[in-house]
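Bear in mind that the values in this text are calculations on the coordinates, not laboratory data. Bear in mind the structure is a predicted one, so any value in this text is a computation, not a measurement. Because the Cβ atoms are built from the backbone with ideal geometry, glycine has one as well, and the counts that use them run over all protein chains shown.
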Amino acid sequence: ITMVCVQLWPLPKCGLLGSCENNTCVCSAGSFSQSSEWAFYLDDLDKIETLNCSTHKHFLKYAYLTCGTCAILSLMFHISILRSFAQFRRRLLIYSTLIALVSFSYTRFVDENRLFGEDVVFTSLFAVCFLLMSWTGIAAADKFIEFQMKRLPFASGETVQRIERILKFRKFLMAYELLVETPIILCLPFIKRKMILILVKSLFACRTLIMIFWLSLDWILVSLIISDIKMIAGTRGESLSLKLKLTEKLIELESRRKVGLLYNIATALMFALPVFWDFFMSLWVYYVPINFF
């Protein structure tokens, strides 16, 4: 096996906390070490000693502990405000997501050697969490739009129809995640690393396109509501109190649209950069627990 110290630009070989000696990376004294997790650019696990000294196992351990604990507290809160079986059914997706997060986080906390893409249990729990969190986000966005449609007097029935048609497109995203993305993730522990790299980068590329599509949909949906509110607010026959209410709602929605745009752009970049930049793929070691938190 040919051993060569890995260099991930813009870092030097072995990273800032290691040095390359005899084609292997020697980590400086401290809590940082090497890990093959999210290092799918490494084609052979026997070459793990050539990786950067960039993994802080203690930080990751307690990041997953924090993530799991917060999920438990959130689950307890949702259960405490439960009043009927109908509410339970409506919130079943949230409960399922939180239970999956608890299982995922504590599995890693108990055994830090369970790595994504290598351990079957941890990778499977990641796939479930990633799917459920995405569906929860889609459901929350849909409910937000539906709530605005019910509470505000739209000037155009055509606008309502356009919004409803756009919302239906999100079902295609849910189908893709369930039938394509999740099965691929579940198969990763059983595939050779060279193929894993191709599959993971392909998933990242597809996710980038999805986020661009999602970004556009979110902007269009909120813009349609804003457009009709402006139309109503500009009507002479409307009362002053209604116009003031609509003006407040405009400010709220325009702020929501800007925040949503920035969030979606940042998320799209987190998926896009690893396709071309291995350094950013290595950062997903930290991004996963922080993002799930």
Whole-Hz Karplus couplings 3J(HN,Hα) for the stretch 172-188, θ = phi - 60° and coefficients 6.51, -1.76, 1.60, Gly and Pro as x, run 5, 5, 5, 5, 4, 5, 6, 9, 10, 5, 4, x, 5, 4, 4, 7, 4
What percent of all Cα-Cα pairs in the stretch 1-47 falls in each 5 Å bin, counting up from 0? 5, 21, 29, 32, 12, 2
Could you tell me the largest-minus-smallest coordinate of the C-alpha atoms of the chain on each of the three principal axes, in descending order and whole angstroms? 82, 41, 35
For Leu17, the residues 5 or more places away or on another chain with a placed amide H closer than 5 Å to its own amide H are Cys53
Within a Cβ distance under 14 Å of Phe271, other residues only, what is the Lys/Arg minus Asp/Glu net charge? 0
³J(HN,Hα) computed for each position of the stretch 201-218 - Karplus, 6.51 cos²θ - 1.76 cosθ + 1.60, integer Hz, glycine/proline x: 5, 5, 5, 4, 5, 5, 5, 4, 5, 5, 5, 5, 5, 4, 4, 5, 4, 4
How large is the charge dipole for the chain, taken about the Cα centre, if only the Cβ atoms of Lys, Arg (+1) and Asp, Glu (-1) carry charge, to the nearest 20 debye? 1260
For the chain, with the dipole built from +1 on Lys and Arg beta-carbon atoms and -1 on Asp and Glu ones, taken about the Cα centre, which of Phe276, Ser28, Tyr41 lies farthest toward the positive end? Phe276
Calculated from DSSP helices alone, with each H run of at least 4 adding -39500 (n - 2.57) and the total divided by the residues of the chain, [θ]222 nm to the nearest 500 comes to -23500 deg cm²/dmol
Say the cut-off is 27 Å between C-alpha atoms; which of Lys171/Lys245; Lys57/Lys192; Lys168/Lys194; Lys171/Lys230 go over it? Lys171/Lys245; Lys168/Lys194; Lys171/Lys230
Disulfide-incompatible cysteines by the Cβ rule (no partner under 4.7 Å) in the chain: Cys67, Cys70, Cys129, Cys187, Cys206
Taking amide H atoms as placed 1.01 Å from N in the peptide plane, list the residues 5 or more away in sequence, or in a different chain, whose amide H sits under 5 Å from that of Cys25. Thr50, Leu51
C-alpha long axis of helix 57-80 to longest principal axis of the chain, angle in °: 30
Most fluctuating residue given options Lys47, Lys194, Lys245, as computed from a GNM of the chain linking Cα atoms under 10 Å: Lys245
At R0 = 51 Å, FRET efficiency that the Cβ-Cβ distance of Ser227 and Asn22 yields, to 0.05: 0.20
Once you have the Cα-Cα distance between Leu209 and Ile290, take 0.36 nm times their residue separation minus that, and quote the gain in nm to one decimal. 26.9 nm
Using the per-residue mean of other Cβ atoms lying within 10 Å as a proxy for protection, in what order, highest first, do the peptides 78-84, 276-282 fall? 276-282, 78-84
Label point 7 Å beyond Cα of Val121 along Cβ direction - residues of the stretch 34-53 with amide nitrogen under 19 Å: 37
